[in-house]
Amino acid sequence: MHETSSLSAFDAAAIVVVIAAVLSYCNHRFIRLPHVIGLTVMGAGTSVILILIDEFVPGTAISDMVEAFLTRIDFSQTLMQGMLSFLLFAGALHVDLADLRKGWFAVLLLSTLGVLISTIIVGGAFFLLTGAMGIAIPFIWCLVFGALISPTDPVSVLGILKRFAVPPALQATVAGESLFNDGVGVVVFTILLSAAVTGADFSLSEGLRLFALEAGGGILVGLASGYVAFRAMRSVDEYALEVLISLAVVMGGYAFCSNFHLAGPVAMAVAGLLIGNQGVTYAMSDVTRDYVLKFWELIDELLNSVLFLLIGLEIIVIAISPELAILGLAAIPLVLAGRAIAVGGPMLLLRPLGLVGEGGYRILVWGGLRGGISIALALALPAGDIRNTLLAATFFVVLFSVLIQGATVGRMVKRIGRGRSDGSAEAAQQASS
């Protein structure tokens, strides 16, 4: 049998895809949980079983082999330098730009001001929490935690919105915020992490300058690459070529942003919106449109499956002591409170403008699921006790988000929808009388 270290990249990918396919099949046939929740549960369950086997059957060391395998995959690099670009582009393809334009101010506020507010509130509260528990973590590292846990996961959010009758304008606002706050969160995280690692005094003005440069550069790259692709697609009618052009936008655009320190996630969201609206409407025939959209739906489903399986399996890598477990559990309400305040602040400005309808606040707060990007950012932290602490807290928050929020937000959306329908019927009845 080959050692884990001798596995090629193809071997590693093959193993993950086979496991994802088997578990997805079992979930679909027998368990019937929502796809991402089922894979996360089964991945975590597999991890726990392997750990218990090692604990009670001496000499097996199966979990050590799995840990070495996962370490070789490098979850952080796999997501941040590969999967994220595809996932954000695929998600943005299905966001209606006309609806997004109506709520552009809401998306702008929630994905920028909301992320900054959440970073500060969660970071400050986490600093007080760790201090009360006797865990010494510098304030700047607590802000790093606030930044990595603030972005919501577009994969989970978009998947839920597709299944329920959320009003189009609110759906576009929630989806747009989720797509763009990833890019903003990554930029804020990068700036704070650099200050934490170097020990340099954090300058708000310098941080804002870097933020504007990286995010603004990402928007320009997204617009430029999306427009070039749109013009190229409009000049031909060949579905295979147009699928290839869309791939070139994602891979080439993200690689360009990575090399020039620009916000690649923002670029991919912008390019996806442009091609998914202008490109689909004006540059593609019916046959090409069908192929392009189905190709990206398949990519989205495949990467989605792999991503949430890896989140479940990561429990083997994370060394969680009882103290860190308590910290992780305590971080869950802390992060939820931060999200509630971060959304509530901008909502005070948005409510008079009528940009977020009834039920929007509850959907934005409870539907703000955390996922793979938070795990990837936590895994990107330099090795040490601080990394272990932040990683454990992140894992508990993400697991709660996927398993509890993800499983219940649909019912909440249904209740809001029924309440809206009942209210409309009552209003109509009063008007008729």
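No value in this document is a laboratory result; all are computed from the given coordinates. As the structure is a prediction and not an experimental result, all values here were calculated from the model. So basically every Cβ, Gly included, is an ideal-geometry build from the backbone, and we count neighbours across all protein chains shown.
Each listed q (0.15 Å⁻¹) maps to a log10 I(q)/I(0) for the range 270-332 from the Debye sum over equal C-alpha point scatterers, namely -0.66. Between amide H atoms placed 1.01 Å from N, distances below 5 Å from Gly371 occur with Asp153, all of them 5 or more places distant or on a separate chain.
Would you please put 238-250, 301-313 in order of how densely packed they are, using the mean number of other Cβ atoms within 10 angstrom per residue and starting with the highest? Each step should come with its number before you reach the end.
Details: 238-250: 17.6, 301-313: 23.1.
Ranked by mean Cβ neighbours within 10 Å, highest first: 301-313, 238-250.
A crude spin-label estimate for the pair Asn259 and Leu349, with each label 7 Å from Cα along the Cβ direction, gives 3.7 nm.
Mean projected area of the Cα convex hull of the range 9-61, taken over all directions, amounts to 4.5 nm².
How large is the Kirkwood hydrodynamic radius of the range 361-407, in angstrom, based on all distinct alpha carbon pairs?
Values: mean 1/r = 0.0885 Å⁻¹.
Over the range 361-407, the inverse of the mean reciprocal pair distance is 11.3 Å.
Counting Lys and Arg as +1 and Asp and Glu as -1, each charge on the Cβ, what is the dipole of the chain about the Cα centre in debye, to the nearest 20?
Details: 22 positive and 29 negative charges, 259 e Å.
Taking the Cα centre of the chain as origin, the dipole is about 1240 debye.
Between Ile31 and Thr198, what's the calculated FRET efficiency when r is the beta-carbon distance and R0 is 45 Å? Round to 0.05. Spell out each step's value before the answer.
Details: r = 47 Å, r/R0 = 1.05.
So, using R0 = 45 Å, E works out to roughly 0.45.
In the range 53-153, the ratio of gyration radius to Kirkwood radius, Rg to Rh, stands at 1.15 when only Cα atoms are counted.
Each residue of the range 189-197 was assigned a 3J(HN,Hα) from its phi angle through the Karplus expression (A = 6.51, B = -1.76, C = 1.60, θ = phi - 60°), giving 4, 4, 5, 5, 5, 4, 5, 5, 6 Hz with x at Gly and Pro. Each peptide among 315-323, 362-370, 375-383 gets the average number of other Cβ atoms lying within 10 Å of its residues, and from highest to lowest they stand as 362-370, 375-383, 315-323.
Looking at the square roots a ≥ b ≥ c of the eigenvalues of the Cα gyration tensor of the range 179-314, which shape do they give, rounded for a/c under 1.5, prolate if a/b is larger than b/c, or oblate? Cα axes put the range 179-314 in the oblate bin.
If you place +1 on the Cβ of every Lys and Arg, -1 on the Cβ of every Asp and Glu, and leave all else neutral, what size is the dipole of the range 232-384 about its Cα centre, to the nearest 20 Debye?
So the magnitude is around 580 debye.
Our coupling estimate for the range 44-58, obtained by passing each phi through the Karplus curve with A = 6.51, B = -1.76, C = 1.60 and θ = phi - 60°, is 5, x, 4, 4, 5, 4, 5, 5, 5, 4, 5, 6, 9, 10, x Hz, Gly and Pro reported as x.
Would you work out the relative contact order for the chain, in percent, from Cα pairs under 8 angstrom that are 6 or more residues apart?
Working: 584 pairs, mean separation 115.6, N = 433.
Averaging sequence separation for qualifying contacts and normalising by length gives 27 percent for the chain.
Across all Cα atoms of the range 1-96, the radius of gyration (one decimal) and Dmax (whole number) stand at 16.0, 56 Å.
Take the Cα radius of gyration of the chain and divide it by 2.2 N^0.38 Å, N being the number of residues; the result is 0.99.
Report the local net charge at Ala9: Lys and Arg +1, Asp and Glu -1, summed over other residues whose C-beta lies under 14 Å from its C-beta. Mind dumping the intermediate values first?
Details: positive: Arg72; negative: Asp11, Asp74.
Here the count lands on -1.
Hey, any idea what Rg/Rh is for the range 82-126, computing Rh the Kirkwood way over Cα pairs? Let's see the in-between values first.
Working: Rg = 14.2 Å, Rh = 12.6 Å.
Checking Rg against Rh, the ratio lands at 1.13.
Ordering Ala255, Val243, Leu303 by Cα displacement along the dipole of the range 239-330 toward the positive end leaves Ala255 in first place; charges were set at the Cβ atoms of Lys, Arg (+1) and Asp, Glu (-1). Taking a Cβ cut-off of under 14 Å around Pro265, the surrounding Lys, Arg, Asp and Glu residues balance to a net charge of -4, with basic ones at +1 and acidic ones at -1.
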